[in-house]
Amino acid sequence: MNARAKSFTDALSSVQLDNVFNPYVDHCVLHDRPDAAARRRQNLELSLSTAVDLKVRTIWIARDLGYRGGRRTGLALTDEMHLEAYSALFRGLPVEKATKGPAVGERTAKVIWQMLARIGEPVFLWNVFPLHPHEPDDPMSNRSHTAREREACREFFHEIINLLQPEKVVAIGGDAHRAVESFSMNCIQVRHPSYGGQNIFIQQVEAAYGLGSAKTHDLFSSPVS
């Protein structure tokens, strides 16, 4: 285990902000198992340590954790429906589900993991703001983090870059792109796959990785029976 990965996770676990759920220390009484925070810390620590060992070339970075995805798994852009895929992409990494009940899916994660499966190489996934910001009195909601919250977690972004030394940083969506640039880091911007942007996102990732174009469709729609 990489000692810097453990130190990183421990430091992130100490962050406490109003109207922000820190999945590495906080406990959701509605959905979490008793040891949920510890499971999520382990998921992140193992992921970061393995990414260092594998010399991951690319980081994909989005805005912040969502309540159906990273709040539950502790892994950016990854919902519970794709924990097995996450494990496979990182060469059998033993990630664990931290919540009770059936696995919950997230629309953005579905598109992200469709493309990661096609790429077939480990990509480290992260967020500009690595916690889950929510509306006051509504923990199962998503909101954009504030400038103050981003600044409170700036050091974690730079530590990720220092640890992984990536060849390329890909910002998913305009909000993430602007935030990454505010950290004085060059990055490539791709369209966020939500709000009708999934086909553009797919095409841009295909171009970036030299993938043959696959037939695209509206991944958010139910198939016609």
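Structure data summary
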{"item": "Conditions (1) touching a strand residue (DSSP E or B) at 6+ places or on another chain (Cβ under 8 Å); (2) β-branched (Val, Ile, Thr); (3) surrounded by 21 or more Cβ atoms within 10 Å (Cβ to Cβ); number of the one not met by VAL111", "result": "(1)"}
{"item": "Contacts under 9 angstrom Cβ, first residue in segment 169-180 being on the phi > 0 side of the Ramachandran plot, partner part of a strand (DSSP E or B) and not basic (Lys, Arg), 6 or more apart", "result": "GLY173/ALA62; GLY173/GLN189; GLY173/VAL190"}
{"item": "Which numbered condition GLU159 fails, given (1) at pLDDT 95 or above; (2) out of contact with any Gly (no Cβ under 8 Å at 6 or more places or on another chain); (3) surrounded by fewer than 21 Cβ atoms within 10 Å (Cβ to Cβ); (4) in a loop (DSSP other than H, G, I, E, B)", "result": "(4)"}
{"item": "Residues being part of a helix (DSSP H, G or I), under 19 Å from TRP113 (Cβ atoms) and touching a Phe, Trp or Tyr at 6+ places or on another chain (Cβ under 8 Å) - total across segment 162-184", "result": "0"}
{"item": "Members of segment 185-201 found to be in contact (Cβ under 8 Å) with a residue 60 or more places away in the chain and outside any loop (DSSP other than H, G, I, E, B), listed by number", "result": "GLN198, PHE201"}
{"item": "Residues that are among the polar types (S, T, N, Q) and in contact with a helix residue (DSSP H, G or I) (Cβ under 7 Å, 6 or more places away or on another chain), drawn from segment 83-126", "result": "THR99"}
{"item": "Residue within segment 99-113 that is within 12 Å of the chain's Cα centre (by Cα), acidic (Asp, Glu) and modelled with pLDDT of 95 or more present", "result": "yes"}
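The values are calculated or read from the model by the stated rules, or taken from the named source; none is laboratory data. The model shown is predicted, which means the values in this text are computed figures rather than measured ones. Methodologically, a virtual Cβ is constructed for each residue, glycine included, from the backbone with ideal geometry; neighbour enumeration extends over all protein chains shown.
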